[in-house]
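These notes concern the structure reproduced below.
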Amino acid sequence: MSKILLLQGNQAVVEGAIAAGVKFFGGYPITPSTEVAESLAERLPLVGGKFIQMEDEIASMGAIIGAALTGKKVMTATSGPGFSLKQELIGYACMAEIPLVIVNVQRVGPSTGQPTSPSQGDLMQARWGTHGDHWLIALTPASVPECFELTLRAYALSEKYRVPVVLLMDEVIGHMREKIELPDDYSEIPQAERKQPECSPEEFKAYATDDSLVPAMPAFGSGYRWHVTGLVHDETGFPKGTPAATLAATNRQHDKLYNNLDDIVQVENYQMEDAEYAVIAFGGGARTAYEAVDMARREGLKVGLMRPITIWPLADRQIKELASKVKGILVHELNYGQYVLEVERVVAGQVPVALYAKYDNEPATPLSCWLRSKRPWPKKERRFDYEHGSNDR
């Protein structure tokens, strides 16, 4: 049986967390993500979970890392300024390979910016916000039902690959209300489980791996003892500062994800069967792009949409394939231009890449996006359209 509800995107994330088996939330309220914390404060005690409001975002990350080590599925939620504060411990979670989910409902920045205004300006921060070579996954929903679905997927990926996963939302999606069909009984939803050791506690090595390159992760208190550190370590878990240990640790953490891109990377293609031009958009920006593509089609223009669902790792293969099929690509994002740089890098001049950037506190209209997709652009010219006008550079 199922039920139909009218929910915000933030509330759908909460339902996804409960359905995924989350039992601990540590966070600090910040617009426009606060509804995630408020709803989990109410829901978690009803399912045997714990909610704690920490003194700040740094402590929130420490709390969920500790809870994850005890075997719990965990979540924290924030927006841009708080996401900045979390970066040091996100790096720690990457190095120690601790599965957890961070919800970032983006708003205009930098600094305090515009607390209730939509933005996609944290895109690069989600991938490169913490220092060093580190590997994580970021997903971006474009609807309220997808907030539920991608929350489930975030935990499936996080537990499977022992990696932090960022659910990279934006204010448009977080506060939008849509109908969503949810099962009455979440117990029927398959639960993601982390790999457990098959050896005895005496034989256990914390970061020993098989062909999956993902170490087993017993819960603290289960009889298995292991050392957790942000330092480079060998398979015992204890620090080791040799070049060989650094190389091995970095390569393994990279390869456990990049050997499995077909499992991790998702994109949606809309009206792409015969498209001559393509729009790339995601999250709240994709809501505009769907209608813009339909408007272009009604004018006889063969325009389609590719929507990245997995933002990181980048959909390199899918973007390369797209460039081989179309005459030009328009990237629409709610920032000054971030994802377009990655698209340009992958396309490598094969076809023109244009940007429609919107960063004035409001999402684009379908009409404005359609006008950009309608206008042809010369080959080998980088055309950038900003809300304040056209600017070729």
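The values are calculated or read from the model by the stated rules, or taken from the named source; none is laboratory data. What you are looking at is a predicted structure, and each value in this text was computed from that prediction instead of being measured. Heads up, the Cβs are rebuilt from the backbone with ideal geometry, glycines too, and the neighbour counts pull from every protein chain shown. To get the accessible areas, we keep the full protein, side chains included, count just its heavy atoms, and leave off ligands, DNA and RNA. Shrake-Rupley method; radii C 1.70, N 1.55, O 1.52, S 1.80 Å.
Please name all residue pairs, on different chains or six or more residues apart, with Cβ atoms under 9 Å, provided the first residue is in the stretch 3-16 and is under 18 Å from SER187 (Cα atoms) and touching a residue at least 60 places away in the same chain (Cβ under 8 Å) and the second residue is part of a helix (DSSP H, G or I) and among the polar types (S, T, N, Q).
That search, which allows pairs on different chains as well, returns ALA12/THR151; VAL13/SER39; VAL13/THR151; GLU15/SER39; GLU15/THR151; GLY16/THR151.
Could you list, in sequence order, the residues of the stretch 351-370 that are hydroxyl-bearing (Ser, Thr, Tyr) and open to solvent by less than 10 Å² (accessible area, probe 1.4 Å)?
TYR356
In this structure, is GLY66 small (Gly, Ala, Ser), closer than 24 Å to GLN120 by Cβ and in a helix (DSSP H, G or I)?
no
Just checking, does the stretch 71-92 include any residue being within 15 Å of LYS23 (Cα to Cα) and either among the aromatic types (Phe, Trp, Tyr) or surrounded by fewer than 24 Cβ atoms within 10 Å (Cβ to Cβ) (or both)?
For the stretch 71-92, residues within 15 Å of LYS23 (Cα to Cα) and either among the aromatic types (Phe, Trp, Tyr) or surrounded by fewer than 24 Cβ atoms within 10 Å (Cβ to Cβ) (or both): present.
Of everything in the stretch 308-331, what is open to solvent by 10 Å² or more (accessible area, probe 1.4 Å) and not hydrophobic (A, V, I, L, M, F, W, C)? Give them in sequence order.
The answer is ASP316, ARG317, GLN318, LYS320, GLU321, SER324, LYS325, LYS327.
Can you find, within the stretch 29-61, the residue that is nearest to ALA17 (Cα to Cα) among those that are touching a Ser or Thr at 6+ places or on another chain (Cβ under 7 Å) and not β-branched (Val, Ile, Thr)?
In this case the residue turns out to be SER33.
I want to confirm something. Restricting to the stretch 133-192 and keeping residues that are basic (Lys, Arg) and over 13 Å from the mean Cα position of the chain (by Cα), which single residue is nearest to ARG252 (Cα to Cα)?
So the residue we want is ARG162.
Scanning for something in contact (Cβ under 8 Å) with a residue 60 or more places away in the chain, among the hydrophobic types (A, V, I, L, M, F, W, C), open to solvent by 10 Å² or more (accessible area, probe 1.4 Å) and out of contact with any Lys or Arg (no Cβ under 7 Å at 6 or more places or on another chain), does the stretch 274-284 turn up at least one residue?
No; the residues of the stretch 274-284 include none that is in contact (Cβ under 8 Å) with a residue 60 or more places away in the chain, among the hydrophobic types (A, V, I, L, M, F, W, C), open to solvent by 10 Å² or more (accessible area, probe 1.4 Å) and out of contact with any Lys or Arg (no Cβ under 7 Å at 6 or more places or on another chain).
Filter the stretch 122-155 for residues that are of a type in the set (A, V, I, L, M) and within 18 Å of THR288 (Cβ to Cβ); which is surrounded by the most Cβ atoms within 10 Å (Cβ to Cβ)?
It comes out as ALA142.
Just wondering, is there one or more residues in the stretch 252-260 that are loosely packed, with under 15 Cβ neighbours inside 10 Å and more than 30 Å from GLU202 (Cβ to Cβ)?
yes
What strands (runs of 3 or more DSSP E) completely inside the stretch 235-326 contain at least 1 residues that are of a type in the set (Lys, Arg) and under 27 Å from the mean Cα position of the chain (by Cα)?
Result: 303-308.
In the stretch 35-49, what count of residues is obtained for those that are crowded, with 16+ Cβ neighbours inside 10 Å, more than 18 Å from the chain's Cα centre (by Cα) and either of a type in the set (Val, Ile, Thr) or not in a helix (DSSP H, G or I) (or both)?
So the answer is 1.
How many residues does the stretch 209-225 hold that are open to solvent by 30 Å² or more (accessible area, probe 1.4 Å), within 22 Å of ALA67 (Cα to Cα) and either not basic (Lys, Arg) or not in a loop (DSSP other than H, G, I, E, B) (or both)?
Total meeting the criteria: 5.
Among the residues of the stretch 193-249, write down those that are touching a helix residue (DSSP H, G or I) at 6+ places or on another chain (Cβ under 7 Å), within 16 Å of PRO99 (Cβ to Cβ) and of a type in the set (D, E, K, R).
GLU193, ARG194 - these are the residues of the stretch 193-249 that are touching a helix residue (DSSP H, G or I) at 6+ places or on another chain (Cβ under 7 Å), within 16 Å of PRO99 (Cβ to Cβ) and of a type in the set (D, E, K, R).
Does any residue of the stretch 107-114 turn out to be in a strand (DSSP E or B) and among the basic types (Lys, Arg)?
Yes: one or more hits.
Please identify the pairs in which a residue from the stretch 174-188 that is under 15 Å from ALA142 (Cβ atoms) has its Cβ atom under 8 Å from the Cβ atom of a residue that is assigned to a strand (DSSP E or B) and open to solvent by 100 Å² or more (accessible area, probe 1.4 Å), counting only partners at least 6 apart or on another chain.
Within 8 Å, the pairs are ARG177/LEU6; GLU178/LEU6; ILE180/ILE4; ILE180/LEU6.
Within the stretch 1-34, work out how many residues are of a type in the set (Asp, Glu) and open to solvent by 40 Å² or more (accessible area, probe 1.4 Å).
Qualifying residue count for the region: 0.
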